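Visitor: Following this message is one structure expressed as structure tokens.
The values are calculated or read from the model by the stated rules, or taken from the named source; none is laboratory data. All of these numbers come straight from a predicted model, not from anything done at the bench. Glycine also receives a Cβ, built like all others from the backbone with ideal geometry; neighbour counts cover every protein chain displayed.
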């Protein structure tokens, strides 16, 4: 429950972007809604969406140029969101971290399997490693973590373990 509030309020928007967005709202070109998408259909080149707005029972129909979903990953369901992640979970190679914020990994960003074993060739980067590394949602933090993971891979390769990486990728 608190995660949604935190996700919305933790970062400030750049003033230049805020000005553009404010003008678009004032001109009626942009409307920001708290809603879930009930359905979407493309009809004759138009995108028609049915929205379930927060706090309202009736659906709202809108026609839009684009749909941008900004909820971020459903952390508790991330392993079910992509078939390759689901497959790795079924195989026991991936599991959720203890906090439920992402995928279990060690302090070197290596995946931890369902039995607590570290896979030296499978790395977790970005927001899905935040259960281990803390806040990894802002661009600076994600960039720093990507560099960290790249260095971990570089270290692995410099030890002559490239064959292990290639074998793990297949």
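Visitor: Does residue 160 meet the test of being more than 15 Å from the chain's Cα centre (by Cα), outside the structural domain of residue 30 (by TED's automatic domain parsing) and modelled with pLDDT under 80?
Guide: Yes: the conditions hold for residue 160.
A quick yes/no check of all residues on (1) closer than 30 Å to residue 126 by Cα; (2) touching a helix residue (DSSP H, G or I) at 6+ places or on another chain (Cβ under 9 Å); (3) modelled with pLDDT under 90:
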| residue | (1), (2), (3) |
| --- | --- |
| 42 | no, no, yes |
| 69 | yes, no, yes |
| 78 | yes, yes, yes |
| 94 | yes, yes, no |
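Visitor: List pairs: first in the stretch 124-136 and touching a residue at least 60 places away in the same chain (Cβ under 8 Å), second surrounded by fewer than 20 Cβ atoms within 10 Å (Cβ to Cβ), Cβ under 9 Å, 6+ apart or cross-chain?
Guide: Filtered contacts from the stretch 124-136: 135/10; 135/141.
Visitor: Something else now. Of everything in the stretch 44-67 that's in a loop (DSSP other than H, G, I, E, B) and closer than 30 Å to residue 131 by Cβ, which residue is modelled with the lowest pLDDT?
Guide: Looking at the filtered set, the residue picked out is 67.
Visitor: Let me ask another. Residue check: is residue 166 farther than 23 Å from residue 77 by Cβ and either in a strand (DSSP E or B) or at pLDDT below 85 (or both)?
Guide: Taking the combined requirement at face value, the residue satisfies it.
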